[in-house]
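The values are calculated or read from the model by the stated rules, or taken from the named source; none is laboratory data. Because the structure is predicted, anything quoted here is derived from the model rather than measured. A quick note on method: Cβ atoms are made from the backbone with ideal geometry, for glycine too, and the neighbour counts reach across all protein chains shown. Areas reflect the complete protein model, heavy atoms only, side chains present, ligands, DNA and RNA absent. Shrake-Rupley method; radii C 1.70, N 1.55, O 1.52, S 1.80 Å.
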Amino acid sequence: MNAAVLNASSAVRPLQCDIGFSARRRGTTYVGRQNVAYPFHLGRQLQLSGDPPGMAAVYLQSCSGGIFAGEALGLCLTAAAGSHAHVSTGAATVAHSMLEADALQTVRLDAHDSAYLEYLPKPTLMFPRARLTSLIEVTHRPGACVVVSDSFGVHVPDGMNGSFDWYRASIDVRTPAGRLLVSDRMFVEGDDFESDVIGVMRDRTVLSTLMIVTDGPIIDSLSEALRGALPIEPEGSWGVSRLPNACGLVVRLAARDATILSRLTHRVWATVRRLRFGVEPAARRH
């Protein structure tokens with residue numbers, strides 16, 4: 001897949017899942033729009049322990065069992081003014097072996113005035129010969145906050161051997177008018193990923209980019225709080241950096257396995273919630 005795919009407008013890509021969150025006058029968030037088609041399934045709205053009052057939580061599931069060769073999947077999440085929403089997946093997503101063609105998944109996130117939107121899916125598990133492009137597009141609006149993660153790991157089922165072919169990922173942050181604020185891109189080939197030639201990977205098998213797109217004084221407070229909250233982890237590594245154009249922070253995580261990554265991710269997530277709402281979420285199952 002060439003660079004034209006990464007730069008193409010998401011408007012022309014297929015969209016199988018379109019979810020919009022709205023807020024009632026008393027502050028309760030609800031799913032106001034849902035157009036969900038195969039292979040996605042949207043679970044019922046939940047109020048989870050540790051969430052701020054009125055926050056909506058939903059889980060997306062795959063009816064197909066993962067991502068397959070030649071698929072082009074599209075997901076759009078919109079949080080209307082004043083709404084607070086958490087979106088995750090019930091389990092990791094499997095990117096199956098792809099002999100005929102690669103696969104593409106596009107996610108568009110847009111939080112309006114004073115809205116707060118989290119998209120924190122479980123990692124994508126790359127099977128041998130998998131080839132996947134992940135495109136995430138965030139619209140940055142003053143006063144809103146979007147928390148998004150993109151993570152993947154390696155998995156070789158019994159009876160299979162080899163590594164994934166490649167994983168390509170991008171997270172672009174733009175203004176509502178389309179001006180590019182941030183473009184974060186990665187390309188890694190499976191053989192390099194597992195051969196200990198990339199940086200200081202050592203035994204790390206799961207990588208994550210977690211971005212907090214926001215504005216205002218909370219960026220300084222959050223940067224300091226994250227550095228204090230993330231532990232010195234012998235089986236995990238992390239780093240915190242400011243995004244350009246004063247639009248938030250990015251956190252890089254690398255871990256030996258998905259359980260350790262989940263623990264580190266929860267530290268980041270809980271810190272953001274505490275500074276934003278004054279309450280930390282309860283730990284979710286791995």
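Quick look at the values:
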| item | result |
| --- | --- |
| Backbone N under 15 Å from the Val279 label point (7 Å along Cα→Cβ), restricted to region 78-94 | 84-86 |
| Per-residue ³J(HN,Hα) for region 177-182, Karplus 6.51 cos²θ - 1.76 cosθ + 1.60, θ = phi - 60°, Hz, x for Gly and Pro | 7, x, 6, 6, 9, 9 |
| Net length gained if the chain between Asp158 and Ala246 were fully extended (0.36 nm per residue, minus Cα distance) | 27.0 nm |
| Rg followed by Dmax, in Å, when the chain is reduced to its Cα trace | 18.1, 56 |
| With all protein chains modelled, accessible area of Ile218 [1.4 Å, Å²] | 40 |
| Student exercise, region 101-200 dipole from Lys, Arg, Asp, Glu Cβ charges, in Debye to nearest 20 | 440 |
| Simple spin-label estimate for Asp215 and Cys63 in nanometres, 7 Å along Cα-Cβ | 4.0 |
| Rounded, prolate or oblate (a/c below 1.5 giving rounded, otherwise prolate when a/b exceeds b/c) for region 1-135 by Cα gyration tensor | prolate |
| Selected from Thr29, Tyr167, Val251, residue furthest toward positive end of dipole (the chain; charges at beta carbon) | Thr29 |
| Viscosity 0.692 mPa s, 37 °C: Kirkwood-radius Stokes-Einstein D of region 129-286 over Cα pairs, µm²/s | 196 |
| Surface accessible to a 1.4 Å probe, Leu42 within the full protein complex, Å² | 20 |
| Among Gly278, Gly239, Ala229 - extreme Cα towards positive end, dipole of region 161-286, charges at beta-carbon | Gly278 |
| Other-chain or far-sequence residues with amide H under 5 Å of Asp257's (modelled H) | Thr205 |
| Burial ranking of peptide ranges 159-165, 272-278 (average Cβ count within 10 Å, highest at the top) | 272-278, 159-165 |
| For region 156-228 versus region 55-127, the gap between their alpha-carbon centres in whole angstrom | 15 |
